[in-house]
Amino acid sequence: MSTPIKLLVIGIAPFFLNCDVDQKKESNIQSEDSLYINRTSYLEQLEGFWLGTSIANWTGLVTEMDKIGNTNDISTLPFYTREDWGQMDKPAIWDGENISQISNMIDFVLRTPGELWGADDDTDIEYMYQHLILKNKQPKLNPKQIRDGWLEHISSIEENYLWVSNQKALDLMNEGYLPPDTGDPRLNEHYQMIDAQLTTEIFGLFAPGNPELARDLASLPIQTVARNEAEDIAQFYVTMFSFASLNPEKSIHDRIDSISSLARDYLPDDEYPARMYDYIRSLYESNIPWEATRDSIYKAYQIKQRHGYDITSKNLYCNGCFAAGINFAASLVSLFYGEGDLLETIKIGSLAGWDSDNPTATWGGLIGFMMGANAIEEAFGTKLSNEFHIHRTRQGFPNDGYDTFPNMAKNGLKVIDMVVSDELDGLVDTFRNRWAIPLPPSTSTRAESYTRSTTR
């Protein structure tokens, strides 16, 4: 008699363990094409995002603004080539004769267990946005929540790790302005700079497989500091990150090839970001070395002002070396030629020139997410630190700013639980430990084909 009873209990247990599942919602989802994502796997991928972006950020910082071409009284030619990897660093444009304090060699910057990954502008505002979403219990932040978060967590002192558009936005917030006015060209003259594209990629990870929602969640954070083409470029990265969870059975190279093309479809055809993408893609497909493609970018956009990219005519400091456009172009070089290999992508990104830490950190985060933290350590052949200190650059966070990538990933999972349930009308299935996400209406046949291949 005891055995049948045990079997009965075992059979009933899953029902009670899964009692928090909305049965009606589950039925509706199962009646549609849906995307199923394992939460445990995604957790490790989120940890990989933070680790990958930190490695790429700190490695790219060694060469940041070492090579921007020649402009006015600044001369940095020739650009770096593959042969410069492992060689002595050259001074950045603001360092005089001094080389990087991070490393005197152009090489990977790694932190081993017991050491800290310090926050930088490629990680700290994304960390802040994740914190604000959880604090306010809503994934779509409103203007006041963004303003209050910036004023609480970003110092107003001179050395606060903000520059150009981010700094101007903070100044405007202190004057009483709210986003999106803080990114309005009439108030913020730096609206075309790089700032938005290095602070908002994470919103793509918050809406897996749904770029429309990801772009909506990211819209106000992006417009806090950017407009026009700079806004479109930032949304390009968000779109790629949203698609990054799809087709995990394919190689990272193939996935990047597909999702970059899909993200390209969101760029207006008549503006320079789309034309940059097409131009650089064509050079890559012509099989010329990445250095030749990078040199072509410099000539086309910083000298000839091709495709309407007119930064040079504006006579900005360092010929707009902080601008969204030229750094977007440089990022595509490392994305295409890196071909999904994390180490190769970081190498090329660090050597490509201009604001090298920012685009490199973006792709380090994307590929790191696709790989997961364990695979990153395998790729580098060593155990790496998972400890992070947000108070290197920001302020006002718990535990005196000390955190870990696993905990940051867990917080990201909480955000996505909220997004799946409240914004995507999906199911957080804690029994099966997965998300069931209804697929959105496709924006193109290619996107539909790519997305539907991920359904289970």
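Taken together, the values in this text are just the output of simple stated rules run on the coordinates, not laboratory data. Every value quoted in this text rests on a predicted model; they were computed, and no experiment measured them. Please note: Cβ atoms are built from the backbone with ideal geometry, for glycine as well, and neighbour counts cover all protein chains shown.
Couple of notes before you dig in:
- Simple spin-label estimate for ASP73 and ASP107 in nanometres, 7 Å along Cα-Cβ: 3.6 nm
- Taken along the Cα-to-beta-carbon direction at a fixed 7 Å, the label points for ASP265 and ASN174 span 4.5 nm.
- Taking each of LYS347/LYS383; LYS250/LYS347; LYS144/LYS383; LYS90/LYS144; LYS135/LYS168; LYS135/LYS347 in turn, the alpha-carbon distance tops 31 angstrom for LYS144/LYS383; LYS90/LYS144; LYS135/LYS347.
- Mean silhouette area of segment 87-210, derived from the convex hull of its C-alpha atoms and averaged over all directions, reads 10.9 nm².
- Taking the chain and dividing mean pair separation by its residue count, relative contact order in percent (alpha carbons under 8 Å, at least six apart): 29 percent
- Debye, to nearest 20: dipole size of segment 22-452, +1 on Lys, Arg Cβ, -1 on Asp, Glu Cβ: 580 debye
- Helical contribution to [θ] at 222 nm, DSSP H n ≥ 4, -39,500 (n - 2.57), averaged over the chain, rounded to 500: -15500 deg cm²/dmol
- Spin-label model, LYS414 to GLU212: label points 7 Å out along the Cα-to-beta-carbon direction sit 3.0 nm apart.
- Förster-model FRET efficiency, 22 Å R0, ARG392 and TRP163, C-beta, rounded to 0.05: 0.90
- Stretchable slack from GLU339 to ASN38, in nm (0.36 nm times residue separation minus alpha-carbon distance): 105.8 nm
- Seen from all directions on average, segment 174-267 presents a Cα convex hull projection of 6.0 nm².
- Percentage, to the nearest whole number, of Cα pairs in the chain over 29 Å apart: 46 percent
- Distance-filtered residues of segment 33-52 - backbone nitrogen under 17 Å, label point 7 angstrom along LYS250 Cα→Cβ: 35-36
- Restricting attention to segment 22-452, close to 90% of DSSP beta bridges with both partner residues there are antiparallel.
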